[in-house]
Amino acid sequence: MRTLVIIPTYNERESLPRQISAVHGAAPEVDILVVDDGSPDGTGDWAQAASETDGRIHVLRRTAKNGLGAAYLAGFAWGLDRGYDLLCEMDADGSHRGRDLPTLLARASSADLVIGSRWIPGGSVVNWPRHRLLLSTGANTYVRLALGLRVHDATAGFRVYRADVLRRLALGDVESQGYCFQIDMAWRVLRAGGTVAEVPITFVEREAGESKMSGAIIREALVKVTAWGVAHRAHQLADLLPGRSRA
Ligand SMILES: Nc1nc2c(ncn2[C@@H]2O[C@H](COP(=O)(O)OP(=O)(O)O)[C@@H](O)[C@H]2O)c(=O)[nH]1
Ligand SMILES: [Mg+2]
């Protein structure tokens, strides 16, 4: 299986070298694509230099900070064009441990999407402040209620997709920019008839650099999930009305 680990970066100069070593330490055979959005701190320059000495490292340099969703979509297109079988998502900041990657990759033999989950037995979060724990558990509860999504960690960003499921999705229609992208993608995989598996991971809060989580990102997720939920429930209700049946 040819595997590509996509790492989106914005100002991760300190964390990225350690993340790449951790990934290659645990899975030496995988290729890595860094998708940098013009980080002013030189992350893209570092990645470019690293790619010139290690053939497993590649860089996609974009000019403006356009959000996590757009960075991943560009990374998926790059990887699908080059025939990778598995496309992974991982953060640059050390939160997703290299040592958990082989477990996710192994599980992808029997699932279209594998999520590294904090919220199933065996999963955990290290060093998160209370407000981040509440945000994550609250968001996941809301997603389950609004969309009926049977996933425990729908916002998780440590994932493995089988290339064939990504090819079946209309990726050009995905508009989610921030972390809502993760929910959007999990829901699309399930609606396309794909299978989603979760494996427990230990998520470790970053030691260097800053989180890009913001009020705008939270609002985008809340507004979008609510709109999708209303449309989904209206559709379910319409199916129950007399004289209406599923085609
Ligand atoms: N290319 C790109 N990467 C981003 C953007 N926003 C966040 N990231 C990266 O996405 C990953 C997760 O972001 P982070 O700020 O750690 O979020 P948190 O873990 O939820 O606090 C990190 O590797 C970030 O550098 C963006 O707009 N563009
Ligand atoms: Mg982080």
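With respect to the chain, whose longest principal axis is taken over its alpha-carbon atoms, helix 43-53 is tilted by about 60°.
Roughly how big is the stretch 3-240's charge dipole about its Cα centre, with Cβ charges of +1 (Lys, Arg) and -1 (Asp, Glu), in debye to the nearest 20? Here the size comes out at about 740 debye.
Under the classification rounded if a/c is under 1.5, otherwise prolate if a/b is larger than b/c and oblate if not, where does the stretch 89-157 fall, given a ≥ b ≥ c as square roots of the Cα gyration tensor eigenvalues?
Working: a/c = 2.21, a/b = 1.18, b/c = 1.88.
It is oblate, given that a/c is not under 1.5 and a/b is not larger than b/c.
Summarising the amide proton neighbourhood of Gly38: residues at separation of 5 or more, or on other chains, whose placed amide H is nearer than 5 Å comprise Arg62. The phi torsions of the stretch 237-243, fed into the Karplus equation with coefficients 6.51, -1.76 and 1.60 and a -60° offset, translate into couplings of 5, 4, 5, 8, 5, x, x Hz, rounded to whole numbers, with Gly and Pro shown as x. Residue-wise HN-Hα couplings along the stretch 167-184, as the Karplus relation 6.51 cos²θ - 1.76 cosθ + 1.60 with θ = phi - 60° gives them from phi, are 5, 7, 8, 7, 5, x, 8, 6, 10, 4, 9, x, 6, 4, 3, 5, 5, 3 Hz; Gly and Pro carry x.
For the pair Leu145 and Glu175, a Förster radius of 25 Å applied to the C-beta separation gives a FRET efficiency near 0.65, rounded to the nearest 0.05. The sum of -39500 (n - 2.57) across all DSSP H runs of n ≥ 4, divided by the residue count of the chain, sets its helix-only mean residue ellipticity at 222 nm to -13500 deg cm²/dmol. Output the antiparallel fraction of DSSP beta bridges having both residues in the stretch 106-247, as a percent to the nearest 5. Looking only at bridges with both residues in the stretch 106-247, the antiparallel portion is about 25 percent. Annotation: amide H of Glu198 within the under-5 Å range of Ile115, sequence separation 5 or more or interchain, hydrogens built in the peptide plane.
Positive contributions from Lys and Arg (+1) and negative ones from Asp and Glu (-1), summed over other residues with Cβ under 14 Å from the Cβ of Gly79, come out at +1. Placing a pseudo-label 7 Å from each Cα along the Cα-to-Cβ vector at Lys212 and Val126 gives an inter-label distance of 2.4 nm.
Axis angle, to the nearest 10 degrees, between helix 130-147 and the longest C-alpha principal axis of the chain: 40 degrees.
Using the Cα centre of the chain as origin and beta-carbon charges of +1 (Lys, Arg) and -1 (Asp, Glu), tell me which of Gln182, Ala197, Ala238 is placed farthest towards the positive end of the dipole. Comparing the listed Cα positions along the dipole, Ala238 ranks first.
What is the sum of charges around Arg144, taking Lys and Arg as +1, Asp and Glu as -1, for the other residues whose C-beta is under 14 Å from the C-beta of Arg144? Kindly include the intermediate steps, with their values, before the conclusion.
Working: positive: Arg150, Arg233; negative: Asp153, Glu198.
Spelling it out: positives minus negatives among the neighbours equals 0.
Gain on full extension, evaluated as 0.36 nm per residue between Thr53 and Leu240 minus their Cα-Cα distance, stands at 61.3 nm. Taking the DSSP bridge list for the chain and keeping only pairs wholly inside it, about 25 percent are antiparallel.
Taking each residue as 0.36 nm, the span from Thr137 to Arg167 lengthens on full extension beyond its C-alpha to C-alpha distance by 7.7 nm. Dipole orientation for the stretch 3-240: of the candidates Val23, Ser124, Gly157, Ser124 has the Cα lying most toward the positive pole (charges on Cβ; Lys, Arg +1; Asp, Glu -1). What does a probe at Ala197 reach in the stretch 89-114, counting residues whose amide N is under 17 Å from the point 7 Å along Cα→Cβ? The answer is 89, 100-114.
Read-outs: derived from the displayed coordinates by stated rules, not from any lab. These figures come from a predicted structure and were not determined experimentally. All Cβ positions, glycine included, derive from the backbone under ideal geometry; neighbour counts span all protein chains shown.
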